[in-house]
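Structure first, commentary second.
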Amino acid sequence: MGIRINVTSVFVDDQAKALAFYTERLGFLPKTDVPVGEFRWLTVVGPGEPDGTELLLEPDQHPAAKAFKEALVADGIPAASFAVDDVAGAHAELSAKGVRFTQQPTTMGPVVTAVLDDTCGNLIQLTSAA
């Protein structure tokens, strides 16, 4: 069947702010930006992956989306997880850019994880091999 992930999303409170954070701080590249009424179909892709999985920066206007985001953050649960080559190195680089982490690099068996605040209402986990 060849099923694969094409687009996944995170709910954001402000699409312009999210685009700036995900591109300027995390290094994603803009992919699609199409007006859709009041909002935009706004996606980014990983650097070096122009045809890779797109991350949709989706408006959190639905009341359930806002409640879902708030509940995840209150419980410390990341909304998404991104792979990096070295979590400790990414943590140092992103911290230098002013990114706030809610979990410092932590070894968890075969992986190292860290969790950051995306400034748009989400916690995002970074992972790499231990």
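The values are calculated or read from the model by the stated rules, or taken from the named source; none is laboratory data. This structure is a prediction, so every number in the text was calculated from the model and none was measured. Every residue, glycine among them, receives a Cβ derived from its backbone with ideal geometry; neighbour counts consider all protein chains shown. Note: accessible area is taken over every heavy atom of the protein model, side chains too, but ligands, DNA and RNA are not part of it. Shrake-Rupley method; radii C 1.70, N 1.55, O 1.52, S 1.80 Å.
When only residues in segment 80-97 that are open to solvent by less than 60 Å² (accessible area, probe 1.4 Å) and within 16 Å of the chain's Cα centre (by Cα) count, which is nearest to residue 123 (Cα to Cα)?
Per the criteria, the residue is 80.
Being open to solvent by 50 Å² or more (accessible area, probe 1.4 Å), assigned to a strand (DSSP E or B) and either touching a Cys at 6+ places or on another chain (Cβ under 6 Å) or among the β-branched types (Val, Ile, Thr) (or both): is that true of residue 102 here?
Yes; evaluated as a whole, the condition is true for this residue.
Take the residues in segment 54-79 that are of a type in the set (Gly, Ala, Ser) and touching a residue at least 40 places away in the same chain (Cβ under 8 Å), then tell me which one is least open to solvent (accessible area, probe 1.4 Å).
Of the residues in segment 54-79, the ones of a type in the set (Gly, Ala, Ser) are 64-65, 67, 71, 74, 76, 79.
Filter again for touching a residue at least 40 places away in the same chain (Cβ under 8 Å), leaving 65, 76, 79.
On the way: 65: 8, 76: 44, 79: 45 Å².
The extreme case among them is 65.
Could you list all residues from segment 112-130 that are more than 14 Å from the chain's Cα centre (by Cα), under 21 Å from residue 49 (Cβ atoms) and among the hydrophobic types (A, V, I, L, M, F, W, C)?
Scanning segment 112-130 gives a single hit, 129.
Which one is surrounded by the most Cβ atoms within 10 Å (Cβ to Cβ) among residues in segment 43-52 that are assigned to a loop (DSSP other than H, G, I, E, B) and touching a Gly at 6+ places or on another chain (Cβ under 6 Å)?
Step one: list which residues in segment 43-52 are assigned to a loop (DSSP other than H, G, I, E, B), which gives 46-52.
Now drop any that are not touching a Gly at 6+ places or on another chain (Cβ under 6 Å), which leaves 46-47, 52.
On the way: 46: 17, 47: 12, 52: 14.
Checked segment 43-52; the qualifying residue surrounded by the most Cβ atoms within 10 Å (Cβ to Cβ) is 46.
Among the numbered conditions (1) in contact with a strand residue (DSSP E or B) (Cβ under 7 Å, 6 or more places away or on another chain); (2) without any contact (Cβ under 8 Å) to a residue 60 or more places away in the chain, tell me where residue 108 comes up short.
Result: residue 108 fails condition (1) only.
Could you grab me the full set of residues in segment 20-42 that are open to solvent by 70 Å² or more (accessible area, probe 1.4 Å), of a type in the set (A, V, I, L, M) and part of a loop (DSSP other than H, G, I, E, B)?
Those that are open to solvent by 70 Å² or more (accessible area, probe 1.4 Å), of a type in the set (A, V, I, L, M) and part of a loop (DSSP other than H, G, I, E, B): none in segment 20-42.
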